[in-house]
Amino acid sequence: MNYETGFARGREDIDMSGEVDGTARKRRMIIIGAVVAVLIVLFVVYRMMSAGSDAKAGGEGGAAKQAATVTVVVPGRQSVNRMVSATGNLAARREMPVGVAGEGGQVAQVLVEPGTWVAQGQVLATIDRRVQSQQIASLAASVNVAEADARIAQSELDRAQALVARGFISKADIERKTATRDAARARVGVARAQLGQQQASTSRLDIRAPAAGLVLERKIEPGQVVSSGSGVLFRMAKGGELEMLAKLGEQDLARMSVGQRATVTPVGTAQSFDGQIWQLSPVIDPVTRQGIARIALVYNNALRPGGFASAKIVSGSADVPLLPESAVLNDQKGNFVMIVGKGNKIERRDVKVGDVSNAGVTILEGLTGAEQVVQSAGAFLNPGEVVIPQRAKAAS
């Protein structure tokens, strides 16, 4: 009995000490896990803060690193000629249509070609005159007959006057012979007038130049039958003087005056010719709202009447900014430039452009001339973008 009881107690003591050891181990494990979790949380927070600082520093450095360097120009203001552009046709300044002045006939010869310079009165073409030549010969013979009759009448009168003193001839006979002599002289005058008339009529069979100038067009060939109703057979430019009929809007025409200089460029050639306005249209076309400025030009074989040409007319001068063409951009809203404003930020500035020349583009509105304008590559920049401006080098 005692042995069993003691054995049971010893067993209970053993079991209780094992439970105590297990509870302690669990408690230690929980404490260790909590410490590890706290360390992990602290490490994560530290890494996040470090990453944020690095990102901020990297962002600032990257922004500074990504700022583009752009070339800018400060145009200022300079005096440039104000130009007005126009288009129109070339023409003879004084065109002369030439036709048949007489009765006409069959063309015998054509003596000139288009592009030929001729003098005043020079024969351009001749018409067959065989019939007229015979008429002239007949009238010339009539003149000779009349002159012979006049000489005979004069001789008879002279002899009669010599016999009056002797009483062989009466005064009445003298008066009749005098009248006969006068009539013979009158017939001579009539015959000569008829001959002259026929000669003048025949000479009109020659088609002649009414003035010195340049033959522009020929509409006649040998063998052709022409008359006063045949119309224009030749067209000439008097003195070879040419002009351009420049079409201008009524606002531009109001700024024009006689004597203003112009440069004319025919279509199909890069060659330009100097001229000046010699006449302004006194009327405006009510449909097109345009008028004509006539620009006088000196003859050149590159200027062909009837051809199309463009003109630039100097209409005064103005002080305006002048930019290179690469600085001026355009889109559906119109023309604009990119400028570097406050804080080196890009700004869009709408402008109104004027003339374009080898010197550049004149800016009529939108700039004062003191702005820093992006010289090129403005199309790749956006408003608000920060850049590093660099002044363009002066052209050497």
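Three principal axis extents of the range 110-236 based on alpha-carbon atoms, in descending order, are 78, 26, 20 Å.
Beta bridges per DSSP, both residues in the chain: antiparallel share near 95 percent.
For Val70, the residues whose amide H sits under 5 Å from its own are Ile388, Gln390, ignoring neighbours fewer than 5 places away on the same chain, with H placed 1.01 Å from N.
For the range 206-289, what is the accessible area per residue in Å² when the probe is 1.4 Å? Walk me through the numbers before you get to the answer.
On the way: 4450 Å² over 84 residues.
Each residue of the range 206-289 exposes 53 Å² on average to a 1.4 Å probe.
The Cβ shell under 14 Å around Ala148 holds other residues with a net charge of +2, Lys and Arg each +1, Asp and Glu each -1.
Between Val361 and Leu323, Glu325, the built amide H atoms are under 5 Å apart, and every one of these is 5 or more places off in sequence or on another chain. Its DSSP H runs of at least 4 residues, each contributing -39,500 (n - 2.57), put the calculated 222 nm mean residue ellipticity of the chain at -12500 deg cm²/dmol, to the nearest 500.
Solvent-accessible surface of the range 317-368, averaged per residue with a 1.4 angstrom probe and all protein chains in place: 55 square angstrom. In the chain, taking the dipole from charged Cβ atoms about the Cα centre, the farthest positive-side position among Val164, Gln276, Val320 is held by Val164. Each Lys or Arg adds one and each Asp or Glu subtracts one; over the other residues with Cβ under 13 Å from the Cβ of Leu367, this totals -1.
Reducing the range 117-175 and the range 221-287 to their Cα centroids gives an inter-centroid distance of 54 Å. In the chain, the longest principal axis of the Cα atoms and the axis of helix 171-203 are about 20 degrees apart.
Hey, which of these cross-link pairs are over 27 Å Cα-Cα: Lys247/Lys352; Lys345/Lys393; Lys312/Lys393; Lys333/Lys393? Before the final figure, lay out each step's value.
Numbers: Lys247/Lys352 23 Å; Lys345/Lys393 22 Å; Lys312/Lys393 31 Å; Lys333/Lys393 31 Å.
Over 27 Å apart, Cα to Cα: Lys312/Lys393; Lys333/Lys393.
Taking the protein heavy atoms of the range 203-356 in the context of the full set of protein chains, the accessible area attributed to carbon and sulfur is 48 percent at 1.4 Å. Taking Glu250, Glu156, Glu325 as the candidate residues, the one with maximal mean-square fluctuation in a Gaussian network model of the chain, Cα springs under 10 Å, is Glu156. Within the shell defined by Cβ-Cβ distances under 12 Å, the residues around Glu217 carry a net charge of +2, with Lys and Arg each +1 and Asp and Glu each -1.
Compute the long axis of helix 130-164 from its Cα atoms, compare it with the longest principal axis of the Cα atoms of the chain, and write down the angle in degrees, 0 to 90, nearest 10. In the chain, helix 130-164 runs at an angle near 30 degrees to the longest axis. Just to be sure I understand: with springs between alpha-carbon atoms less than 10 Å apart, which residue in Val73, Val35, Val112 has the highest mean-square fluctuation in the Gaussian network model of the chain? Result for the chain, Cα springs under 10 Å: Val35 fluctuates most. Can you tell which of Pro286, Pro266, Pro222 shows the greatest fluctuation in a Gaussian network model of the chain with Cα springs below 10 Å? Maximum among the listed residues: Pro286.
The values are calculated or read from the model by the stated rules, or taken from the named source; none is laboratory data. Just so we're clear, the structure is a prediction, and the values are computed from it rather than from any experiment. Don't worry about glycine lacking a Cβ; one is built from the backbone with ideal geometry, like all the others, and counts go over all protein chains shown. SASA here: full protein model, heavy atoms, side chains in, ligands and nucleic acids out. Shrake-Rupley method; radii C 1.70, N 1.55, O 1.52, S 1.80 Å.
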